[in-house]
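None of the figures in this text is laboratory data; all of them are computed from the coordinates on show. These numbers were taken from a predicted model, which means no experiment stands behind them. No Cβ is skipped: glycine too gets one built from the backbone with ideal geometry, and neighbour counts run over all protein chains shown.
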Amino acid sequence: MWKEILENVRARAPLVHNITNYVTVNDCANILLATGASPIMADDEQEVQEITSICGGLNINIGTLNSRTIPSMFAAGKQANALGHPVVLDPVGVGASGLRTQTAQALLSKVKFTVIRGNSSEIKTLALGAGTTHGVDADIADTVTKDTLPSAVAFAKEFAQKNGAVVAITGAIDIVADADRAYCIYNGHPMMSKVTGTGCQLSALMTAYVAANPNTPLQAAAAAVCAMGLCGEVAFARMSAADGNASYRTYIIDAICNLTGDALEEGAKYEVR
Amino acid sequence: MWKEILENVRARAPLVHNITNYVTVNDCANILLATGASPIMADDEQEVQEITSICGGLNINIGTLNSRTIPSMFAAGKQANALGHPVVLDPVGVGASGLRTQTAQALLSKVKFTVIRGNSSEIKTLALGAGTTHGVDADIADTVTKDTLPSAVAFAKEFAQKNGAVVAITGAIDIVADADRAYCIYNGHPMMSKVTGTGCQLSALMTAYVAANPNTPLQAAAAAVCAMGLCGEVAFARMSAADGNASYRTYIIDAICNLTGDALEEGAKYEVR
Amino acid sequence: MWKEILENVRARAPLVHNITNYVTVNDCANILLATGASPIMADDEQEVQEITSICGGLNINIGTLNSRTIPSMFAAGKQANALGHPVVLDPVGVGASGLRTQTAQALLSKVKFTVIRGNSSEIKTLALGAGTTHGVDADIADTVTKDTLPSAVAFAKEFAQKNGAVVAITGAIDIVADADRAYCIYNGHPMMSKVTGTGCQLSALMTAYVAANPNTPLQAAAAAVCAMGLCGEVAFARMSAADGNASYRTYIIDAICNLTGDALEEGAKYEVR
């Protein structure tokens, strides 16, 4: 399955519209090229509808959202919805400010997302609202462990059902779920958290995967998570003693570039719950 | 000739003002440093006239143009014109939206450019206007091949004459032309298209070349194209099995850093038509 | 001393709020991760007060300042002051435009900075105002050499006293001074000036060092300068013949990632004046 999903990306080479932060945007562009897709970055309200219309998917990332780009996110999202294009939301840092929380909540209410991808704290904030986050920390721990996996899976499915979207909660164990099924993914390496924007890169990559596999968004999103995690492992194995997080950053994108369908099929470590 | 042009860049170390996109801006800065020039990025309307005044050349790239930076492009361009500084236009994605097409056309009418550099689709859109692009696709194919080279050269010379500028159409075969002569350049590697912003980097590099060789803009622009293509070849030769587009990105800039006048003189593959 | 300062950064893992330029922002984020801190970039006026409130330090860099982000710098700076968080100013290119000079001067008058870090031209412009820079070039040369070191140290101490801040003047010889003492630092490599944003990276790194060592800002700032310079040396030693400034960029951040307290203690080259 994973092999076919990746090969569809390579064969269909989707054009992906990114409205994303300026911190990790270059890596998002290069990882899209690495996987065989093409990136376009455009964030002015006057052009986002046209740009997203010529693309196969839209990736909205609020990492450096601002008064100028927020209206562009809504305009592009609505247009992508009107055209039936897949849309991915990366609610970077939601909960860290009212602006992020309100923008992400408003996006969720006005735009239909195909996939919502974030870490467990971000998804929790989306699900529970900024004001109540502390109250449920004990129930749904921020870090998904073997012990908390069953409750996290249930939470993910519920959130997916409520939003009619696939939800991807990434961390030491990743959960990619729709209302009925959850892929629990064990790929990845802790060093990935030392590179800025591996989450952003994954959201961009996932948009390409979902755009190239329109009938299987759950599996496509899970495949992107497996691919990113597996390439984190491959990249780590390549590191020498003098290498640090900067070389690791390069090696991860290199690994995505060289990833074959067979390697993904063999390397994906997951279970379905 | 190529050797002298590069050595002028190294000796004169021009300061280059870039109003460019946030996707590839870091690579533009580093490639300018690699070639011996210095970058300044400044895009606020309140300061671009002053910044461009202290520079030797201006590079305008519309890759992530927006309502705030578009007026800055005009203000900087006019000031550079008033001072006789060379100005390069990179019309990234022109044709993909009305905003891009209108902005690029307005820039062409209000600012005198020394060089206009884009891929064949971008230059076609500039030449023919957004509405008529489809009508001439058969005449001027988007990809320049050996068969279409004569018509592409004629098109480039005509466009150069009309705009009083050097035009650089880059692709598998690059054409750098003024009204009378065209350099057809055969350097480069297909892998360069897997790195985001190699075109943006070339435009930045070209601005430095033209700024350091003010009396020979055609040759300076052609030299920059040869240099970039040659370094794409050198960088590709350096790749190991685990390397992908991210390492290749690094190797290209490294190669520009280490490029000597003699290597450029020997490595440039071109003909004049 | 240096060892303890670095180990505090690793142990306390400060969250650093950066309002910085879009040219070198990715490197700033990755160098913060490399040293064991965490980056947040946020520049919208509606959220910077909240964002800086949850952080341990604030880094303000005017490299691509604009009409939208300038008010954010003031709002964040005031909030950080109100909370007693350390604030670092990197006045990139001050003197190159009225906007930069006026913004930097206004920031100095409205925000209390813990450290002001720039090259000698930038600090001179801050100290003397844009209009009078030429008048004192003979006294305080732009490049600090062994001959001009005594006068540069005196200048740095005076500027530090006037602003109630640590001042870090970086160049071939670095000076980090408060009103009473100056660390003169001899680490570093000339190749560092061929990588865009090594100064920006240092300012980000320094914010983490100062945030993790709140009682010794002078020593913390000096430690960051030693660390950056030492890693510039380590990275240079790693370069092969084909490497250029792009690989060097990667190696510097890698070296920060692998830097130990013992290596910093042994490698720091400095004197106190």
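Quick look at the numbers
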| item | result |
| --- | --- |
| Local electrostatic count, residue B:87, Cβ distance below 10 Å [Lys/Arg +1, Asp/Glu -1] | +2 |
| Modelled label reach - residue A:68, point 7 Å along Cα→Cβ, region B:84-104 residues with backbone N closer than 16 Å | B:99-100, B:103 |
| Over chain A: helical MRE at 222 nm, DSSP H runs n ≥ 4 each giving -39500 (n - 2.57), nearest 500 | -15500 deg cm²/dmol |
| Chain B, relative contact order [Cα under 8 Å, separation at least 6], % | 22 percent |
| Peptide-level mean, for C:65-76, of C-beta atoms on other protein chains within 10 Å | 2 |
| Copies compared at residue B:4 - label distances in nm, ascending, label defined 7 Å from Cα in the Cβ direction | 6.4, 6.4 |
| Peptide A:29-39 - average C-beta neighbours from other chains (10 Å radius) | 4 |
| Cα-Cα over 20 Å, subset of B:124/B:157; A:146/A:269; C:112/C:194; A:78/A:157; A:157/A:194; A:124/A:146 | C:112/C:194; A:78/A:157; A:157/A:194 |
| Averaged over B:221-228, number of beta-carbon atoms from partner chains that fall within 10 Å | 0 |
| Identity and axial distance of the chain A residue whose Cβ lies nearest the axis relating A to C, Å | A:22, 3 |
| Förster radius 51 Å - calculated FRET efficiency between residue A:180 and residue B:10, Cβ distance, rounded to 0.05 | 0.20 |
| Estimated FRET transfer efficiency when R0 is 30 angstrom, pair residue B:112-residue C:105 (beta carbons, to 0.05) | 0.25 |
| Across the identical copies, how the residue C:240 labels are spaced - nm, sorted shortest first, 7 Å along Cα→Cβ | 0.6, 0.6 |
| Part-to-part distance (alpha-carbon centres) for region A:225-268 and region A:62-107, which is given in Å | 29 Å |
| Pseudo-label separations to other copies for residue B:146 - Cα-to-Cβ vector, 7 Å, nm | 6.3, 6.4 |
| Estimated distance in nm for a label pair at residue B:237 and residue A:215, the labels positioned 7 Å out from Cα along Cα-to-Cβ | 4.9 nm |
| Kirkwood hydrodynamic radius over Cα pairs of chain B, then Stokes diffusion coefficient at 20 °C and 1.002 mPa s, in µm²/s | 118 µm²/s |
| Ordering of B:203-213, C:160-170 by burial proxy (mean other Cβ atoms within 10 Å per residue, highest first) | B:203-213, C:160-170 |
| Alpha-carbon Rg with Dmax, taken over the protein assembly as shown, Å | 25.7, 75 |
